[in-house]
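The values are calculated or read from the model by the stated rules, or taken from the named source; none is laboratory data. What you see is a predicted model; the values in this text were computed from it and never measured. FYI the Cβ positions are ideal-geometry reconstructions off the backbone, even for glycines, and counts take in every protein chain you see.
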Amino acid sequence: MMPVMPNVHRCRRPLEGNKHEPGPLAVKQPAAAIVRASRASDYTAVRRLLDDAQLPTADLASAPGLRCWVLEMHDEVVGVVGLECADRGALVRSLVVARDHRGQGWGSELLVRVEREAGELGIRQLVLLTETAQRFFSAHGYAVIDRGRVPEALQRTAEFRSLCPVSAVCMTKSLETGRD
Ligand SMILES: CC(C)(COP(=O)(O)OP(=O)(O)OC[C@H]1O[C@@H](n2cnc3c(N)ncnc32)[C@H](O)[C@@H]1OP(=O)(O)O)[C@@H](O)C(=O)NCCC(=O)NCCS
């Protein structure tokens, strides 16, 4: 799998190699990371990240149609994003980046990835609930929407019905391209 760099790139010049020193290929890339589909063995790390960010975990193992992708750096899971599909809509949920890695573009990278996966699954509308990151999502094209206007299949999810506080802001983004 190809390593990815976050949306905000930090340039590091590789060390020059010579006859006595390892060349650039031997230099460990500090920001080398991959975003990959989650595996069952990621559960504990994912749960810890979500608990730390006070995001819902009660239905993590049971929500129907929930897929997750994780950000892995040097064999450690340091970020996650989830997509809970219902009909042609989906909830973007469980987006978190470990505190030490925030502000470097990884949250945006995870969001872009989940949007691409949703598009490939034929999802037309993304919806999310957030108490803390409205500005972050606005910057990525999400607009506030009244909860009552969200497709019913999404309103029936546990995250929507009971896990997210009523004070959470509901936001949406269309993935329609204008072509059918
Ligand atoms: C939201 C979150 C995933 C963003 O991850 P990140 O790796 O820091 O994001 P990026 O580096 O890609 O983007 C940083 C930008 O988003 C903004 N941003 C990040 N988190 C923000 C937040 N909670 N509220 C408002 N803006 C936020 C930063 O100010 C920055 O803006 P700038 O580029 O104009 O300086 C991360 O802050 C996080 O894990 N928060 C806790 C969990 C959470 O609130 N999740 C969302 C609810 S589902």
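Just a few scattered comments:
- Condition broken by Pro165, with the remaining ones in (1) outside any helix (DSSP H, G or I); (2) at pLDDT 95 or above satisfied: (2)
- Screening the stretch 54-159 for strands (runs of 3 or more DSSP E) wholly inside it with 2 or more residues that are under 20 Å from Arg39 (Cβ atoms) and at pLDDT 95 or above returns the ranges 66-73, 76-86, 89-97.
- Subset tally (residues that are near the ligand (Cβ under 6 Å from one of its atoms) and either surrounded by fewer than 17 Cβ atoms within 10 Å (Cβ to Cβ) or among the small types (Gly, Ala, Ser) (or both)) for the stretch 101-116: 5
- Selected residue (only one of Gly89, Gly82 is crowded, with 17+ Cβ neighbours inside 10 Å, near the ligand (Cβ under 10 Å from one of its atoms) and closer than 22 Å to Ala168 by Cβ): Gly82
- Odd one out for Ala31, checked against (1) of a type outside the set (Val, Ile, Thr); (2) surrounded by 11 or more Cβ atoms within 10 Å (Cβ to Cβ); (3) at pLDDT 95 or above: (3)
- Only one of the listed residues (Leu71, Leu60) is under 18 Å from Glu159 (Cβ atoms) and either among the hydrophobic types (A, V, I, L, M, F, W, C) or surrounded by 21 or more Cβ atoms within 10 Å (Cβ to Cβ) (or both). That residue is Leu60.
- Within the stretch 101-110, the set of residues being under 16 Å from Leu50 (Cβ atoms) and touching a residue at least 12 places away in the same chain (Cβ under 8 Å) comprises His101, Trp106, Gly107, Leu110.
- Of the numbered criteria (1) out of contact with any helix residue (DSSP H, G or I) (no Cβ under 9 Å at 6 or more places or on another chain); (2) under 20 Å from Asp87 (Cβ atoms); (3) surrounded by fewer than 17 Cβ atoms within 10 Å (Cβ to Cβ), the one Arg161 fails is (1).
- Selection of the stretch 56-68 for residues being under 13 Å from the mean Cα position of the chain (by Cα) and within 13 Å of the ligand (Cβ to nearest atom) yields only Cys68.
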